[in-house]
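Peer 1: I am attaching a structure below and will ask some questions about it afterwards.
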Amino acid sequence: MRPSIVLLLVVAAALPPLPAFAQRPARPALPSVDSSTVIVFSRSKGSQVVGRVVAADDSSLTVVTLKGAHVALPRGSVESWRVRRGTFTARGFRDIDRNTSRLFFGPTARTLERGGGYVAAYDVFVFTGAYGVRDRVMFSLGASMMEDSRGNRDGPAWVDARVGILRSPKVAFAVGALSARWAGPGGGSISNGYAVVTLGSNDHAVTVMGGYPFARNNIANEPTFMLGGETRISSRLKLLTEVWRVPETPAAHTAWGVRWFGDRIAVSVGAIHRLDSHLRAFPVGPWLDIAFHR
């Protein structure tokens, strides 16, 4: 099956389901009273109410919004609802970064929750999607949409599966397998098994990955290493970096930049460099990715 077709299947799985045509969707079971959980309520008129449920009766819910206002929300007006991930701080509610299963491209030891997913675009021409099959099992794939002058695919395509072995607030460990190919001049393919550990919190963490190929074509039989880091510098900004050692090159490849994230969207902007043995940087190009979470 062509990678672009498989990618469309992952994108479809990552997006929220649509109601059947000509059927009125059933009203959802509403959340119970819980003053510590933030809920996003979507109403029939298209507007949203975001806040904590502090009281309920047969006809309505009482919601305290993030700005402290009390809203009586009629039960019949709620089309859908979801939990908004985040924590309360001295300055108010703060969203968490939901993109912590990856840095720029490299994997962390964190996995998506069951049913969670995202779709993303890397530098406009490369698209990827990921889906949490179980709480500790996820898969992702991506493919380049670029074509050469003859209409042939030109660029990377990959499939990745990851299993979380250990997951705690400060330590995560996972194993996985990545199968990738590069179409076009000098292309080849490689299948790589890897182990990855992430130390730290959602806000500040270090990730180390090591892998070794078990199948390859036109690519050296050499190990792969990655060292990465992330640190939160404001309510919605993180600094990110990755350093890669990949087969068939004596230089290290580095990426660094910043990620802005909200409740369901994240944008990462940075640069990619190659460092030679004398630590001289050769700019390769800019990095931009946009991710949408379900």
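Peer 1: Here is a list of conditions, (1) surrounded by 13 or more Cβ atoms within 10 Å (Cβ to Cβ); (2) farther than 30 Å from E230 by Cα; (3) at pLDDT 80 or above, and S47 meets all of them except one; can you say which number that is?
Peer 2: Result: S47 passes all but (1).
Peer 1: If a residue must be more than 30 Å from G262 (Cβ to Cβ) and out of contact with any Gly (no Cβ under 8 Å at 6 or more places or on another chain), how many such residues does the stretch 181-212 contain?
Peer 2: The total comes to 8.
Peer 1: For the stretch 254-287, give me each residue that is modelled with pLDDT of 85 or more and over 14 Å from the mean Cα position of the chain (by Cα).
Peer 2: Correct list: T254, A255, W256, G257, V258, V269, G270, A271, I272, P286, W287.
Peer 1: Between A195, A172, which is modelled with pLDDT of 85 or more, among the aliphatic types (A, V, I, L, M) and either surrounded by fewer than 20 Cβ atoms within 10 Å (Cβ to Cβ) or in a loop (DSSP other than H, G, I, E, B) (or both)?
Peer 2: Just one listed residue meets the conditions, A195.
Peer 1: Being polar (S, T, N, Q) and under 18 Å from T65 (Cα atoms) is the filter; apply it to the stretch 81-134 and report the residue that is surrounded by the fewest Cβ atoms within 10 Å (Cβ to Cβ).
Peer 2: The extreme case among them is T89.
Peer 1: Take the residues in the stretch 33-55 that are touching a residue at least 12 places away in the same chain (Cβ under 8 Å) and of a type in the set (G, A, S), then tell me which one is nearest to T65 (Cα to Cα).
Peer 2: G51
Peer 1: Using the structure shown, decide if R236 is of a type in the set (K, R), modelled with pLDDT of 90 or more, within 30 Å of F93 (Cα to Cα) and surrounded by 18 or more Cβ atoms within 10 Å (Cβ to Cβ).
Peer 2: Taking the combined requirement at face value, the residue does not satisfy it.
Peer 1: It is to be established whether one or more residues within the stretch 72-80 are within 25 Å of the chain's Cα centre (by Cα), surrounded by fewer than 16 Cβ atoms within 10 Å (Cβ to Cβ), in contact (Cβ under 8 Å) with a residue 24 or more places away in the chain and not in a loop (DSSP other than H, G, I, E, B).
Peer 2: yes
The values are calculated or read from the model by the stated rules, or taken from the named source; none is laboratory data. All values reported here derive from a predicted model rather than from experimental measurement. Glycine also receives a Cβ, built like all others from the backbone with ideal geometry; neighbour counts cover every protein chain displayed.
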